[in-house]
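The values are calculated or read from the model by the stated rules, or taken from the named source; none is laboratory data. Just so it is clear, the model here is predicted, and its values are computed rather than measured. Heads up, the Cβs are rebuilt from the backbone with ideal geometry, glycines too, and the neighbour counts pull from every protein chain shown.
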Amino acid sequence: LFLCGKRRKFETAHLQVAMLLRSMPRGTTAVLIPVLVLSLITSALVYHALNELQLRIESALSREIATVPEQLPIAQIDAIDNRRVAWIGGHGKDLETGYMQHIFEAFRNYGYKIVTGCDKVPEHWDVIWLHEYALSKSSGGCHYEAVQNAHWPQAVNHIPGSGYYSSKVYLATANLSTGVPLAFRLPSQAEEFKAHAAMHPDLLWVQKDNAHRNIRIKSVDAIDFGKTNSFVQKFVDNPLLIDNRKFDIGIYTVVTSLNPLRVYVYDEVLIRFCPKDYHPFDVEDVDKYVVGDDYTPIWEIPSLMKLYNEGRYSMRESISIHLKKEGKDAGKIWRQLNDVIAEVFQAQQSKMVESRQWNEADLKFFELSRFDFVVDDQLNVFLMEANMSPNLSSGHFKPNQLIYEQVLMSILSLVGLANPLSVAAVHDFGSRSRSEFPPVSDRDLALSFDFCSECDSCEKEERCSLCGVCLTADQPLSDALSELLREHHDRRKMRRLTLDWTKKQPYSRLDRLQSLWIDKKCEWDQSWC
């Protein structure tokens, strides 16, 4: 009992001895009591000695384990430590305690071993998470070289061609049907802009570039028409105000696949207010109309602080409740936000796919961005920019820590990086056929399409690829649908955007078939709609 450390059994045994003594004749107990007292003293001393010995052994073992990494070659250490590896990089120092702190914490919370920098390039990695764009030679560095030799399911937190939507110039001049203020690219559209400005002298304009810094309203004469990679954009001069403050709405967005296209948005929003009141308006005071780093948070706005601070509502719900009190339907805002983001990706999909150097079957790509919108007093939304690698640091506003942590948890789960299965289980399942794969089997993908009865062969019609053995044999399609199904199960607070293919033809066969499959799932499960 001492060796096992089972104190309760030890105490129970002595109670049983005491009861036994009471049942014995007096003469017998008189002889036994001194012996038992001596045995109790001896037992206590032995118990104490064993405890001391156990502590010394544990301490010695801890010291030995701690020195193993210094004594063994790297290859042997990696063989012992089979944790998944996250290779994280960014600019500046103190990444782990600075602006990437919550990213480090998120991976550690899921049991990842974290590697940083390029001094010790890991022999194996599961995910590369870079603040900079990892898929170009100039910015990716050693990470770019690692991506060249990567294989599925290794993942990178950037999508090929993401500059087509994160670039302010490309975004503003993408010719979307709605949701982007009128813009002219400079210097190529300078004359066109001058003519339009002359016809509408009452309009206000801002000049922007990809840096998105030093934004202010300018007169036509003050605009630098020779500045390359810049554009001039109409200023939204009738913004929706709350307590006389202009604000913007940030939507966290994740694209998980380009072909077929899949885009998700986080179901909470980031609300940021200008530091100063909008009226009386002054074009020289940018704090009245530009949301900067030192914005006013929602919990300091009088009409919203009670809802947010005491009511414990989310930012999105706080805005919705406030607008409802004013007789306005916030649902109009949320629907437009999703529609505009979906159209951005549909409009730029072909350029992004054509710019890639890797097939999606070779490497898992995903990218987080934050789409920032302003709203006018008629509840129309206008997209201002899409930020690649958006700020996830709560150093400036501590209450934002929760939303950043939840965003990261949802992203890692969505893209399959929060896998609760052990490394051994993942390896075992990965060696099985599709029909024996527990996470998503071929039976999970098979749906009862009416047209399948008419498919005499897989080649008869394109849609026949969704039927039975045709789907199993079509690896690109079955892989895409398997990822879609897994994402749906693991999305947490991410919501997949519905892509309206009536405005634009699907880019590829996979887009068309994925759309059919989703529509069929929607017939019996509303969560797919």
Quick one: G292 ticks every box in (1) under 23 Å from S219 (Cα atoms); (2) touching a Phe, Trp or Tyr at 6+ places or on another chain (Cβ under 9 Å); (3) surrounded by fewer than 18 Cβ atoms within 10 Å (Cβ to Cβ) bar one, so which box is it? (2)
Every residue in region 79-106 that is outside any loop (DSSP other than H, G, I, E, B), out of contact with any His (no Cβ under 8 Å at 6 or more places or on another chain) and not hydrophobic (A, V, I, L, M, F, W, C), please. Q101, H102, E105
So which residues in region 430-456 are within 15 Å of E483 (Cα to Cα) and hydrophobic (A, V, I, L, M, F, W, C), if there are any at all? F437, V440, L445, A446
Counting only residues that are in a loop (DSSP other than H, G, I, E, B) and crowded, with 17+ Cβ neighbours inside 10 Å, how many does region 459-477 have? 2
Within region 230-272, of all residues that are on the phi < 0 side of the Ramachandran plot and acidic (D, E), the one surrounded by the most Cβ atoms within 10 Å (Cβ to Cβ) is D248
Residue in region 397-418 that is among the polar types (S, T, N, Q), part of a loop (DSSP other than H, G, I, E, B) and touching a helix residue (DSSP H, G or I) at 6+ places or on another chain (Cβ under 9 Å) present: no
Counting only residues that are loosely packed, with under 14 Cβ neighbours inside 10 Å and either under 20 Å from the mean Cα position of the chain (by Cα) or modelled with pLDDT of 95 or more (or both), how many does region 496-525 have? 4
